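The next block holds one structure in the form of structure tokens; read it before the comments.
The values are calculated or read from the model by the stated rules, or taken from the named source; none is laboratory data. Every value quoted in this text rests on a predicted model; they were computed, and no experiment measured them. Don't worry about glycine lacking a Cβ; one is built from the backbone with ideal geometry, like all the others, and counts go over all protein chains shown.
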Amino acid sequence: MHAKQSTFISFLLLNINYHFPLKVKMSATRGLGNLLRLIKNETLARNTQMKSLCETAIRKLLDCACKVNNMKVRWNACYAMGNAMKNEDLFTGFSGWQNLVFSSLCTLAKECKNLKVRINAASALRAPSARAHYGDHYALVWRGVLAAMENVADVDDFNEYKHKDNLTEQLCLTLAHLCCLLTPSDLSDIYDPLVFYYDYAKAMFGQVCQKLPPENTSCLRILQAAKYVTVDLCASNETQMQTLSMLQDVFIWDM
């Protein structure tokens, strides 16, 4: 099984590296994401070549997401990176890749001219299921998502405008996910970006929840975050209390 996984990853990397048709490259990026999601710690521990291949695969997905000209390849690569980060073993099996991945996805979610790329980058940022998976990059991701909210109306191409509501919803879902992972000590770290971007966050959550029916899955996830910061999360000093108060107010809307 381990040998087959190595062979598949090598094959998919080959399809991305060479001048194959775009459909092949798009399929290869998704395939890499699927394989990275399946890799287990025991495989990485037993096979040093597999660890190196996984690191190469992550770098290649980032290259595809950030550098290629074709936007379909880029948003497929963002989707694949999000799929890969659903694998908890990817965070414990080896490290060093998270800083580049999180910072690159934040930049894409804020600045890419193609809104489908922004949407998939924003979605990928909420793929990690545990606070520990973000590590020291948690506050960076918070700031990145809030900055992307500020920039959501920056749409040069009118044809992209139809995706604006979806981008707004995905950014709100990602910030709601981050809210649900907050620890008291995180509150101090996100104070400055929350003060700076507070108005954008509050306005966008209000927009999304006004448009969606209460039974909608996205609305329910946002309400889950509202409940967590209002009922479950506690502050232990003045800065934390100020941050928590702002967060609670973000989830109070005029309906």
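Step by step: first the residues of the range 179-233, then only those that are basic (Lys, Arg) and within 20 Å of Thr168 (Cβ to Cβ), then the one that is surrounded by the fewest Cβ atoms within 10 Å (Cβ to Cβ). Which residue is that?
Only one residue tops the list, namely Lys211.
Is it the case, given these coordinates, that Leu187 is among the aliphatic types (A, V, I, L, M) and part of a helix (DSSP H, G or I)? It would help to see each step written out before you state the result.
Numbers: among the aliphatic types (A, V, I, L, M): yes; part of a helix (DSSP H, G or I): yes.
For Leu187, the condition - among the aliphatic types (A, V, I, L, M) and part of a helix (DSSP H, G or I) - is met.
I need the full set of residues from the range 195-220 which are modelled with pLDDT of 95 or more and among the basic types (Lys, Arg), in order please.
Lys202
Look at the range 25-73 and say how many of its residues are closer than 27 Å to Arg118 by Cβ and of a type in the set (D, E, K, R). Walk me through it before giving the result.
Within the range 25-73, the first condition is being closer than 27 Å to Arg118 by Cβ, and the residues that meet it are 25-37, 54-73.
Still in the list and also of a type in the set (D, E, K, R): 25, 30, 37, 55, 59-60, 63, 67, 72.
Result for the range 25-73: 9.
Yes or no: Arg143 assigned to a helix (DSSP H, G or I), of a type outside the set (Gly, Ala, Ser) and under 21 Å from Cys66 (Cα atoms)?
yes
Quick check: is even one residue across the range 103-114 over 15 Å from Leu62 (Cβ atoms) and in contact with a helix residue (DSSP H, G or I) (Cβ under 6 Å, 6 or more places away or on another chain)?
Looking for residues that are over 15 Å from Leu62 (Cβ atoms) and in contact with a helix residue (DSSP H, G or I) (Cβ under 6 Å, 6 or more places away or on another chain), one finds at least one in the range 103-114, hence yes.
Tell me, please, whether a residue that is crowded, with 17+ Cβ neighbours inside 10 Å and farther than 22 Å from Lys25 by Cα can be found in the range 56-78.
no
For residues in the range 4-46 being under 18 Å from Gly93 (Cα atoms), of a type in the set (A, V, I, L, M, F, W, C) and assigned to a helix (DSSP H, G or I), which is modelled with the lowest pLDDT?
Ranking the candidates gives Ile9 first.
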